[in-house]
1. Give me the one-decimal nm value for the distance between modelled label points at residue 161 and residue 53, 7 Å along each residue's Cα-to-Cβ direction.
2. Quick check: at a probe of 1.4 Å, how many percent of the accessible area of region 97-178 sits on carbon and sulfur atoms?
3. Students often get this wrong: which residues of region 132-170 have the backbone nitrogen under 14 Å from the point 7 angstrom along Cα-to-C-beta of residue 114?
4. Between residue 69 and residue 5, what is the spin-label point distance in nm, taking each point 7 Å from the Cα along the Cα→C-beta axis?
5. Taking the alpha-carbon set of region 91-141, what are its Rg and Dmax in Å?
6. Per 0.36 nm of contour for each residue apart, how much would the distance between residue 12 and residue 61 grow if the chain were fully extended, relative to their Cα-Cα spacing?
7. Please state, as a whole number in µm²/s, the translational diffusion coefficient that the Stokes-Einstein equation yields for region 95-184 at 37 °C and 0.692 mPa s, with Rh defined as the Kirkwood radius across alpha carbon pairs.
8. At residue 103 and residue 176, where each label point lies 7 Å from the Cα along Cα→Cβ, what is the point-to-point distance in nanometres?
Amino acid sequence: MKINRGTTQLGLLIIGLVLIIITYFLYPQIEEKKYSKVITEDEKIITTKEESNTFQNVEYKGLYDFNNEFIVKSEKARILTEEPDIVYMTSMKVVIEMKDGRFVVITSDSGRYNKSTYDCFFVDNVKATDEKTIIFADNLDLLSSKDLATVYNNVILNSERGTLTADIVHYDFETKRYKISMLNDEKVKIKLVE
């Protein structure tokens, strides 16, 4: 039995059309259903995680390093039932009284405060000042457990001695020293005033 060339071409054309329909129409619908199922399962997890207590005008007071007083304030705060030690805050503000009498004030749009370790994590529009030095950044981690502050992402530091722009600034409260670096091997930009 001889198959005619036209019949073979017609058969190949039909197979090609079926493959195109499967590839461009059926497969995306199957994937969309699969991902929508994942999203709804994730939404269930988020909704369960969202079970929380919400508070207005929150204030925590404590002692840092046994003799430095600090205050953590927030306009709105939320504590998730799964993480009772973590307080998620909006319009976060921390005031720390240092041993030498200086007051360090740190503010941000949002952040987290750990009630058990006293660690604070500031996010968005961070401003930290001790009246002589002002630091602006996207993020600041104040780790009481390590006597260390890490300021990162778009850091601008203004002091009496000059201005500095960097990606990351580590400040050690014990030694009162800065460690400044960039993420992509660029040079740190410093303008000193004498």
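1. Label at residue 161, label at residue 53, 4.6 nm between them.
2. Working: 2030 of 4270 Å².
Summing carbon and sulfur atoms, their accessible area is 48 percent of the total for region 97-178.
3. Only 141-150 pass the distance filter.
4. The two pseudo-label positions are separated by 9.8 nm.
5. In Å, with Rg to one decimal and Dmax whole: 10.9, 31.
6. Details: separation 49, 0.36 × 49 = 17.64 nm, distance 7.73 nm.
Length gained, residue 12 through residue 61: 9.9 nm.
7. Details: Rh = 13.3 Å.
The estimated diffusion coefficient comes to 248 µm²/s.
8. According to this spin-label approximation, the distance is 2.0 nm.
The values are calculated or read from the model by the stated rules, or taken from the named source; none is laboratory data. A quick note: this is a predicted structure, and the numbers were derived from the prediction, not measured. Here the Cβ is made from the backbone with ideal geometry for all residues, glycine too, and neighbour counts use every protein chain on show. Accessible surface areas use protein heavy atoms only, side chains included; no ligands, DNA or RNA. Shrake-Rupley method; radii C 1.70, N 1.55, O 1.52, S 1.80 Å.
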